[in-house]
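See below for the structure under consideration.
The values are calculated or read from the model by the stated rules, or taken from the named source; none is laboratory data. Remember, predicted model here, so these are calculated numbers, not experimental data. When we count neighbours, we look across all protein chains shown, and the Cβ atoms used for this are built from the backbone with ideal geometry, even at glycine.
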Amino acid sequence: MKNFFSNFKGDLLGGITAGIVALPLALAFGVSSGLGPSAGLYGAIFISFFAALFGGTNTQISGPTAPMTAVSMVVIAGIVAIFDGSVEKALPAILTVFLLAGLMQIGLGFIGIGKYIRYIPYPVVSGFMTAIGLIILITQILPALGYYPKEDESWVEPFKPQAEELILENILREEAGEGILVLEDFKETIARSNEVTEETVLEEAKTLAAKNASGVIGSLKVLPNALQNINWLELGLALATIIIIFGFKRITTAVPSTLVALLVVSGIAYGLGLDYRTIEKIPEGFPMPNLQIFTEFKIGAISPYIFTALTLALLGAIDSLLTSVVADNMTKTKHKPNKELVGQGIGNTIAAIFGGLPGAGATIRTVVNINSGGKTKLSGMIAGVLLLVILLAMGPIASQIPAAVLAGILITVGISVMDYKGLKAIPNLPKDIKIGPLKLSSEVVVMLVVLVLSTVWNLVYAVGIGLIIASLMFMKKIGDLTGERSDVKSLDKEKAWADEANFPKNLKEEVFIKHIKGPLFFGTTSDFQILADQIPKTASYAIIRLDRMQYMDQSGLYAMEDVLQELNKNNITVLFTDLQRQPRYMMERIDIIPDFIPEEHIFENFDRCTDWIKNHVKDTH
């Protein structure tokens, strides 16, 4: 406990400063997610406190982040659509997915996955981060213009026929489920269909219109309508926010420019009594647990999102541990990666129970904490407590913040989160692959694939596809490099090893010597399989030197079998030297030894093989 309060003054200042920086971002991320500002604030409170308390990085400040919010948006939009556009009905299922992600993070920490996170390829991370920036930037253009698709009659009107069809379809489905819809009696069905009013059709049409205008593609689709219906006051508030955020940084970084923009623009808008759109009302009082997560749990509602929950868990792990590395570099300390994952998981689990957004370690907030004097876990806990105090004391006041201000804040977040370092490197990366007439960089291809698919399709699948492509390209490179080192060459072209100096020169035409350097695996099998064609017609024996082949996979095993079959068909006797344990075990499993290579043709070293050659091979050429 004494050590806990060893840096109380520095931790207090660091925690307060980090909490102040977190406030506008938490509100903005909450609004952006679709769950409202309170969800962002609750996430910031609980994740910051509990991730600090149980985590493995002393100076880490956690809470909702841009990447976590972007993936959460996908989850929220998908589940809300299942529940007919009702966030209230969908909330238990949404929070269950977030809870599951938190529990998965705890599991990842316990099984020790933290140390492996650093192996995620940089192009995948770069493409993902730039996509996050673009998604936030594009989706916030509409609220910055003061345009909301649900309120635009010209956009909603075309969806009315589809809405009516959907409502009737739902009635028929319910009737069939209740056993009322039978040929003998349509009265109940007809009575219920007559209850469908203009209001219900309009409400359903608004839900469909909003869904159709969501995401990057939806935002771009509805952008022409938005440009024809600009709310100049909302646009002015958003632009003022953006200008202050970027401009104030040039004056000083001692005070968070995001907070300055929030207070100044909101204060002016409220003080002048301007007719602006406010954010959703923030509930007053202490956050209460959402017990519907447990009482209304349905596995069917979340089963399509199990993989998404795992992605959230992994993304939160990557986000947090990258921030931990930054913190280590600044404080000259060393974090505990698996403990950090457990802490983040506990924070996300508790946040989900209280209706908060999932989050991760936040780099900017962590840097602010360290620069302000934070050194121990107490700083992150203080940041969480400060946000709780602000919620309890200023909830009604915060509810008067203009929605356009948070849109402006999010636009600056979108601009700053993009990986400009990776984008600038694109022209300079080596072009190591060829697609038709084009020469391209494999790393650029991976980055662009992840970037494009994340932006216009699905963040979750994009990362998975990016990892698969990056892994395949890596394996191809390793295969090529290994193949180069073990080229199939005849003895007169291949550089002889030192111990081959005493090999009888008169038997050079009769005996072919092959060196295998490196593993024989799926990446090198194609080169190895042409061995039979490379052997001179004069040769009746082939020595395959295996002292540098310590590993063979199943692909390599069957490639070896194919080559030996071909050589056997051509009446060429194969001799092995220096056969290693693992390859020998593999070849014994499918009887290559002794069917193709009897024990008497396996030699401990090249010298013994040379002695056998001298005694058994005659010079015939």
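Within region 356-377, if we keep just the residues that are in a loop (DSSP other than H, G, I, E, B) and surrounded by fewer than 24 Cβ atoms within 10 Å (Cβ to Cβ), the residue that is nearest to the chain's Cα centre (by Cα) turns out to be Lys377.
One residue alone among Ile353, Ile293 is at pLDDT below 85, closer than 26 Å to Gly36 by Cβ and of a type outside the set (Asp, Glu), and that residue is Ile293. Within region 438-449, identify whether any single residue is touching a residue at least 60 places away in the same chain (Cβ under 8 Å), under 30 Å from Tyr148 (Cβ atoms) and in contact with a Leu (Cβ under 9 Å, 6 or more places away or on another chain), and answer yes or no. No, region 438-449 contains no residue that is touching a residue at least 60 places away in the same chain (Cβ under 8 Å), under 30 Å from Tyr148 (Cβ atoms) and in contact with a Leu (Cβ under 9 Å, 6 or more places away or on another chain). Of the residues making up region 300-313, those that are of a type outside the set (Val, Ile, Thr) and modelled with pLDDT under 85 are Gly300, Ala301, Ser303, Pro304, Tyr305, Phe307.
Quick check on Ala383: is it buried (at least 21 other Cβ atoms within 10 Å of the Cβ), within 13 Å of Phe50 (Cβ to Cβ) and over 20 Å from the mean Cα position of the chain (by Cα)?
Spelling it out, Ala383 is indeed buried (at least 21 other Cβ atoms within 10 Å of the Cβ), within 13 Å of Phe50 (Cβ to Cβ) and over 20 Å from the mean Cα position of the chain (by Cα).
Just name the residue that is modelled with the lowest pLDDT out of those in region 432-484 that are more than 30 Å from Leu531 (Cα to Cα) and among the polar types (S, T, N, Q). Only one residue tops the list, namely Asn458.
Given the residues Gly114, Gly43, which is the only one that is in a helix (DSSP H, G or I), in contact with an Asp or Glu (Cβ under 7 Å, 6 or more places away or on another chain) and not charged (D, E, K, R)? Answer to the selection: Gly114. Restricting region 502-555 to residues that are crowded, with 18+ Cβ neighbours inside 10 Å and touching a Pro at 6+ places or on another chain (Cβ under 7 Å), the residue that is farthest from Gln582 (Cα to Cα) is Phe512.
Could you grab me the full set of residues in region 422-437 that are closer than 30 Å to Leu239 by Cβ and free of Cβ contacts under 8 Å to residues at least 24 places away in the same chain?
Lys424
Candidates Thr241, Thr252, Thr278: the one that is of a type in the set (Val, Ile, Thr) and more than 21 Å from Leu145 (Cβ to Cβ) is Thr252.
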